[in-house]
Amino acid sequence: MLYRPCVRNGTPRNKIYTLSVAENDQGHILFVCFADPDWASCTLGVFLCQSCSDIHRNISQISKVKSILLAPWSDVEVEFMLSNGNDAAKAKYEQKVPAFYYRPTPTDCLLLREQWIRARYERKEFVCVERQEPYSSGYREGFLWKRGRDKGQFLSRKFILSERDGALKYFNKHDAREPKALMKIHTLNASFQPEKIGQPHGLQITYLKNNSTRNIFVYHEDGKEMVDWFNAIRAARFHYLQVAFPGAYDTDLVPKLTRNYIKEGYMEKTGPKHTEGFKRRWFTLDDRRLMYFKDPLDAYARGEVFIGSKENSYTVLPGLTPSTQGYHWQYGITIVTPDRKFLFTCETEEEQRDWMAAFQGVVNRPMLPQEYAGNCHGSAQDLANTTCTLVE
C-alpha cells in the first residue's frame, strides 16, 4: 500500500507528516531550521530540514531523500520511519563523538555541516574509533595551500601539528629543517571563512606573534582534509587545556577550543584627535578585541581597541559628536572608554544596528578575572584603566 499526501481542512496530512511533527516537537531534528521538517531519509530513518536534505542528496548511495508531503510512501517505508527516527539515529551513529569534535549549527558554513553528516552516516567515524585517528592522534602532517602575506598568492606549504611540541608549524620549503613559523597551541584559533578567503574550504588561523595577532589563510581541495585539520587543532587545544586546568569539566573547556568572530565588516574610522579624515577599514570583533585592517586578508591588524564592561566605564552610543567632520557614511557609533572616545561610521542603518548590538553585548558582559590580567595580549596594566589604540 502507498500512503499519498492528502489534504484535511486545507492542511497536508499523512502518517509520515504526523510522525515528523511529533519528532520535531520533541527537538529531535538534527538542525532545527524550520517549524516542521519537510524531508526525510527513508533509508536512514531520519527527518531532515531543507539544508540537511540537500547534503543527504549528495550521499545518495546511503541516503534516499523523499518529501514528507509530496512523495508517496510505502507501508515498509512508513514502518521503517516509525521504528527509527532521529533519536535512534543519534544513539546509533553518535556513540563515540570526541568531546573536542566540532558539532555544527545551522548557521555554520556548508563544509562543516556536510562533513559532519558524512562523518556520521557515510564514514561512521563515531562508531569506529580507529577512523578518528586523522584528528585525534596528537600529530598531523600534510600540505595546505597558504596565502602569501605580501603578494597574496596561495602556495603549497608543509604543516605539522604536534601536541608533544605544543605547536603548529609550517615550512616554506618541503625539505626545510626549520619552520617558517611556529604557532603555540595555547594561542591558536581557527575559524572557517570561505567567503572572506574566496575558497569554499578556506580556514583562517590566528596566533600570537610578538604580542600581536597574526592571521594566516589556508585551504585544501579536499573538504574532509580541511575539517580534519580543524578538529586536530581543537583536539590539541583540548588536551592542552586539560593539563592547564586539571579537574575542569569538558563542558567548560570545549567552548574555549575555537571561536568564531562576533562580527566582521567594513566601517569608517578616524584618529585619536577626531580631526583626521575618516578611512574605510575592515573590522573584526574577536571577543573583547576590536581589530581593524586595511584589507580583510591582511596578516596583521593596523590597530585594535579593547572593549571592557559597563562596570569599568565602557559605553556604546549611537551617533557622533556634533563637531565631527570628514566622514562619508552617515550612521555613527561612539565607543567611550576610560581614556578616550573612538568614532566609527557605518554605511547603512542596518549595519549600525548590528554593530551596536555586537558592541553592547560585549559591554554588558561582566569581565572575567583573567581579563584583568592583561590587555593588548599581555600588558600588565589593569584592563579597567587601559585601552589599546588605533595606530593608523
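The values are calculated or read from the model by the stated rules, or taken from the named source; none is laboratory data. Remember, predicted model here, so these are calculated numbers, not experimental data. Cβ placement follows ideal geometry from the backbone for every residue including glycine, while neighbour counts extend to all protein chains displayed. Surface accessibility is based on the protein's heavy atoms, side chains included, excluding ligands, DNA and RNA. Shrake-Rupley method; radii C 1.70, N 1.55, O 1.52, S 1.80 Å.
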Quick one: which residue in Ser63, Ser41, Ser51 is over 30 Å from Ile233 (Cβ atoms) and not assigned by the TED database to the domain that holds Phe238? Ser41
Would segment 266-281 turn up any residue that is out of contact with any helix residue (DSSP H, G or I) (no Cβ under 7 Å at 6 or more places or on another chain) and free of Cβ contacts under 8 Å to residues at least 12 places away in the same chain? yes
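Taking the conditions exactly as written (among the acidic types (Asp, Glu), modelled with pLDDT of 80 or more and assigned to a helix (DSSP H, G or I)), does Asp339 satisfy them or not?
Judged against the criteria, Asp339 is not a match.
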Name the pairs: first residue in segment 193-208 and without any contact (Cβ under 8 Å) to a residue 60 or more places away in the chain, second residue open to solvent by 40 Å² or more (accessible area, probe 1.4 Å) and not β-branched (Val, Ile, Thr), Cβ to Cβ under 7 Å, at least 6 apart or on different chains? Tyr207/Lys184
Within segment 49-66, residues being more than 23 Å from the chain's Cα centre (by Cα) and either outside any strand (DSSP E or B) or loosely packed, with under 15 Cβ neighbours inside 10 Å (or both) number 8
Cβ-Cβ below 7 Å, separation at least six or inter-chain, first residue in segment 97-109 and under 22 Å from Gly138 (Cα atoms), second in a loop (DSSP other than H, G, I, E, B) and of a type in the set (A, V, I, L, M, F, W, C): which pairs? Val97/Phe126; Phe100/Leu257
Which ones in segment 119-133 are more than 16 Å from Ile233 (Cβ to Cβ) and either open to solvent by 40 Å² or more (accessible area, probe 1.4 Å) or small (Gly, Ala, Ser) (or both)? Ala119, Glu122, Arg123, Lys124, Val127, Val129, Glu130, Arg131
Any chance you could count how many residues in segment 271-317 are open to solvent by less than 20 Å² (accessible area, probe 1.4 Å) and assigned to a strand (DSSP E or B)? 12
Segment 187-234 - residue that is among the hydroxyl-bearing types (Ser, Thr, Tyr) and assigned to a strand (DSSP E or B) and, of those, nearest to the chain's Cα centre (by Cα): Ser191
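Working only within segment 255-286, note down all residues that are over 14 Å from Phe342 (Cβ atoms) and more than 13 Å from the chain's Cα centre (by Cα). Before the answer, list the steps.
The initial filter retains those residues of segment 255-286 that are over 14 Å from Phe342 (Cβ atoms), namely 255-266, 275, 277, 280, 282, 284, 286.
Residues satisfying the conditions are Gly265, Tyr266, Thr275, Gly277, Arg280, Trp282, Thr284.
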In segment 153-181, which residue that is of a type in the set (Lys, Arg) and within 19 Å of Tyr207 (Cβ to Cβ) is surrounded by the most Cβ atoms within 10 Å (Cβ to Cβ)? Arg157
For segment 342-358, the count of residues that are of a type in the set (A, V, I, L, M, F, W, C), buried (at least 21 other Cβ atoms within 10 Å of the Cβ) and assigned to a helix (DSSP H, G or I) equals 1
Go through segment 188-219 and report how many residues are of a type in the set (Val, Ile, Thr) and modelled with pLDDT under 95. 1
